[in-house]
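Throughout, read-outs are computed from the coordinates displayed, never taken from laboratory work. Just so you know, these numbers come straight off a predicted model, no measurement behind them. In this analysis, Cβ positions are derived from the backbone assuming ideal geometry, glycine residues included, and neighbour counts consider all displayed protein chains.
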Amino acid sequence: MRRVPPHRWLAAIPGLLILLGVPFANRVHARVLGMPFLLAWIVGCVLLTSIVMAIVDRLDERHAARDAGRSTRPERAA
Amino acid sequence: MNPALAVIALFLVLSFALGLLARRGRTMNLEQWSVGGRGFGAVFVFLLMAGEIYTTFTFLGGSGWAYGRGAPAFYILCYGAIAYSISYFLLPVIWRYATAHQLHSQADFFVRKYDSPALGVLVSLVGVAGLIPYLVLQLKGLGIIVSETSYGAISVPVAVWISITALVVYVIISGVHGSAWTAVAKDIMILAVAVGLGLYLPWHYYGGLGPMFDAIAKAKPGFLSLPAKGMSVSWFVSTVLLTSLGFYMWPHAFASAYTAKSERVFRKNASVMPLYQLVLLFVFFTGFAAILRVPGLTGTQADLSLLKVSKLAFSPLVVGLIGAAGLLTALVPGSMILMSASTILAKNVYRSFAPSASERAISWIARALVPVVALVAVWITLSSGEEIVPLLLLGYNFVTQLFPSLILSLPSRPLATPAGSMAGIVTGVATILWTSLSKITLARLFPQWPSVITDLNVGIVAMIANIVVLVVVSLMTRKRAAEAS
C-alpha cells in the first residue's frame, strides 16, 4: 500500500478544531461580529474547511504532476 | 384564495410544467429514471447534490431549533463541513468502483464488494428505514407551509394530504430530470429568501445582530451556549460525528455520487460546498429573530417560527414567495427520497426474491410503490408528534450504521466478512429501534453515570456496538472460512 502524502493530513485540521474545539469555545462568552463566540468559532471552522480543502487539492495536483513527470512510461503522463 | 396561497399554487404548477418539459422527447428506463444517465457536468452535480442536501430540514427545522433550543442547533452548521472533507477522499474511491462495475444503487456497491446479495437486501432495508423519517419531515414541512400560508383556511391534516398528492404527481411525471431543473430554481430562491430573511429581520426588529443576541441573552440566560446536561458538549460532539459520517450513507446521496462526470468534481466540491453551507447561518438568524417577536411556540410548534415571524413582518404576497421557496425545498428532496425508496424496494429487495423479473416489471413495480411509500409516510406524519430536527437525526441513526461496513469494504479485499458486516448492521439498527420505540435513554438506564457518557447521541452508542459485533463475528467467520479451505 502506498503511503499517504503528508499534506493530506491537513484535511483533518478543521474537523478536529470543531470536534475538539467546541468544548472550549462553549465557555467563551464574547461576541464576534455580533454573533455568540461558539457560533463564530463554527463559522470560522467552516470557512477554514473550504480553504484547507482547496490547498489539499492544489498540493494533490502538484503531487500527481510530479509523479507523472517521474514516470518512465510517457503514455501515463497524458 | 389569499395571495400567499395563490403564489404557492402557481409555483407548484410551474414545477409540474418543468418536470413535463424535462421528460419530453426522452424514453425513460429505470437507469435514467433513477440516476439520469451519467452525463451531468460539475454545475449540475453541484446543484443536484445541493438540492438533496438543502431541505425543509434546513429551512423550517434549522430555524425552529434555533428558536426552540438555541446553541444545540449550531450542530447543523458543523457536520456538512466535516463530511465534505471526508468526501474528498471517499467519493472518488466509490465513484471509480461504481463506474467500473456499472453500479446503480448503494446496495449494488455492498453486494459487489462483499459478494453477498443478502447484505444488499439488508443495506436496502436500512436505507429505506432512514429515508422514511426523512420523507416524513418533508411532509411535515410542506404541511406547515400550506396550512400557515392559508392563514388558517386549511388545517394541517388536509395540508399534508394536499402535499403528498403534489409530491406523488411530481415524481410520476418528472423523474430525475425534473428534479434537476427545479433544483436550479429552488437553489436560487432558497438562497434569496434565507439570506434576505436572515439579514432583514435582525436589523428590522433589533437594529443588528449584536443587539439581537444581547436581547436574547438577557431574556434567556445560557440559551446561546450548550447546557451542562442534556444537549451538552458531549451530545453536540457525538451528534456532529454521527451526522458527518452518515452524510453520504443516505442511499440517494451515495448513488448521486455515481452521476458525476469525473472524480475531479468531488475534489472541487470539497472546497466549494462548505461555503454554501453558510446559508444555514441566515436561517439561524431568522429563528433567533423570532424568539422575542413570536414568543410562546413550544415543542413541535417551534418549527412554525420562520413562517410566523414572516407573516408578522411581510404582506401575504411576500409570505407566498417565502412559502414557495419552502415548497420547492421540500418538493425536490421529497421527490428524490420517494423515488429512491421505491426504486430500492423494487430493484434491490423485490428483485433479490424474484431474480427472473424483467426490467419492465421492476420499473413498473418501482412506480407502483411510489404511492404506497407515500401513504406510509402520511400515516407516520399524521400520527407522530416529532419535531423536524429529531426526525432527521433518527434517519441518521439508521443510515450511519452502514458506515463501518462501507469503510472496511474499500480495500481491494474487504476487511470484514459478509456475516460480520450483517451482524454489525443488525446490532446497530436493533439498538436504534429499541431505544426509539421504548423511548429509553442512557441517562435513564444509568442515572449514576457521568453526563459526558449518558448525553452521547444514541446513534454513536449503537455504532460502537455495531463495530464490536462486526469485528468479533468477522474474526470468527474468517477463521472458519480459513479452516474449511
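Computed per residue of chain A from DSSP H runs no shorter than four, each worth -39500 (n - 2.57), the mean residue ellipticity at 222 nm is -22500 deg cm²/dmol. Extending 7 Å from Cα along the Cβ direction at B:Asp115 and again at B:Lys261 yields two label points whose distance is 3.7 nm. Taking a ≥ b ≥ c as the square roots of the Cα gyration tensor eigenvalues, chain B comes out oblate, since a/c reaches at least 1.5 and a/b does not exceed b/c.
The length gained by stretching the chain between B:Arg360 and B:Ala228 to full extension, at 0.36 nm per residue less their Cα-Cα distance, is 41.8 nm. Helix A:37-70 and the longest principal axis of the C-alpha atoms of chain A enclose an angle of approximately 10°. Helix-only mean residue ellipticity at 222 nm, chain B, DSSP H runs n ≥ 4 weighted -39,500 (n - 2.57), per residue, nearest 500. What is it? Rounded to the nearest 500, it is -25000 deg cm²/dmol. Net charge dipole, the protein assembly as shown: roughly 1000 debye, given to the nearest 20, about the Cα centre with Cβ charges of +1 for Lys and Arg and -1 for Asp and Glu. Coupling constants for region B:75-88 follow from the phi torsions by the Karplus curve (6.51 cos²θ - 1.76 cosθ + 1.60, θ = phi - 60°), and in residue order they are 4, 4, 7, 7, 6, x, 4, 5, 4, 5, 5, 5, 4, 4 Hz; glycine and proline get x. Would you be so kind as to identify which of A:Ile55, A:Ala12, A:Ile42 lies farthest towards the positive end of the dipole of region A:11-69, taking Lys and Arg as +1 and Asp and Glu as -1 on Cβ and the Cα centre as origin? Working it through, the farthest residue towards the positive pole turns out to be A:Ile42.
A simple rule links phi to the HN-Hα coupling: the Karplus curve 6.51 cos²θ - 1.76 cosθ + 1.60 with θ = phi - 60°, which for region B:204-221 gives 5, 8, 10, x, x, 5, x, x, 5, 5, 4, 5, 5, 4, 6, 6, 10, x Hz, with x for Gly and Pro. Between the Cα long axis of helix B:264-277 and the first principal axis of chain B there is an angle of about 30°, rounded to the nearest 10. Helix A:12-25 axis versus longest C-alpha principal axis of chain A: approximately 10°, rounded to the nearest ten. Here the Karplus curve 6.51 cos²θ - 1.76 cosθ + 1.60, taken at θ = phi - 60°, turns the phi angles of region B:354-369 into couplings of 10, x, 8, 4, 7, 4, 5, 5, 4, 4, 5, 5, 4, 5, 5, 6 Hz, with x standing for Gly and Pro. Between B:Val93 and A:Ile13, the FRET efficiency estimated from the beta carbon spacing at R0 = 25 angstrom works out to 0.70.
Straightening the chain between B:Leu375 and B:Ala443 buys 21.0 nm, computed as 0.36 nm per residue apart minus the Cα-Cα spacing.
Which whole-number percent gives the relative contact order of region B:3-387, counting Cα pairs below 8 Å spaced six or more residues apart? 39 percent. The modelled label-to-label distance for the pair A:Ala65/B:Ala368, using points 7 Å beyond Cα in the direction of Cβ, is 5.7 nm.
For the protein assembly as shown, a/c is less than 1.5, where a ≥ b ≥ c are the root eigenvalues of the C-alpha gyration tensor. That puts it in the rounded class.
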